[in-house]
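J.: Here it is, the structure in full.
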Amino acid sequence: MRRLPLFLLVASAAMAAVIGGYVLLPSRATGLLDPHNRMLVARGEGLYLAQCAACHGRHLEGQPNWRGVDADGYLPAPPHDKTGHTWHHPDQLLFNIVKLGTAKAANLKDYKTRMAAFENTLSDDDIIAVLSYIKSQWPEDMQIRHDKLNQAYELKDKAAK
């Protein structure tokens, strides 16, 4: 008879720990990107240097005066490090921007950008590798905030369906 209350107590504590961890801690599986996968990040770094660094900088620093427009009315390439705004966007939008270009991904018909669409240059897996590399360069607290953003985006997306 004593075993049942003890079992229920242990089972309840275990369930509370699992639920609490699920709710309070960001999931490493959140979103499309995996900044903790060393092989993926290494592949992404090579692709980034070959395809992205010419505009966004070898160290993700972006172009000077990226918050304003240049002489031709275009926005310079933003940084992808902690000083930029890449981490403000969910993985799916970042993926779509790289694949389709900013104007098409954000549905901004008259948006002036030099950001090329890479759908004919990089595979989907390549794009995920590049973005995983970029995310791996952010401080841990920024990665966690980005994970939470992805969780919120995924919940909103599921609710809309």
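J.: Mind giving me the nanometre distance, one decimal, between the label points for L155 and D125, set 7 Å out from Cα along Cα→Cβ?
T.: Simple spin-label model gives 3.3 nm for this pair.
J.: Provide the descending list of Cα extents for the stretch 31-160 along its principal axes, expressed in whole angstroms.
T.: 39, 35, 30
J.: Quick one: compute a quarter of the convex hull surface over the Cα atoms of the stretch 53-115 and quote it in nm².
T.: Reported value for the Cα convex hull: 4.4 nm².
The numbers here are math on the coordinates, done by the rules we state, and not lab data. Worth saying up front: this structure is predicted, and the values here are computed from it rather than measured. Note that we place each Cβ from the backbone using ideal geometry, even for glycine, and neighbour counts take in every protein chain shown.
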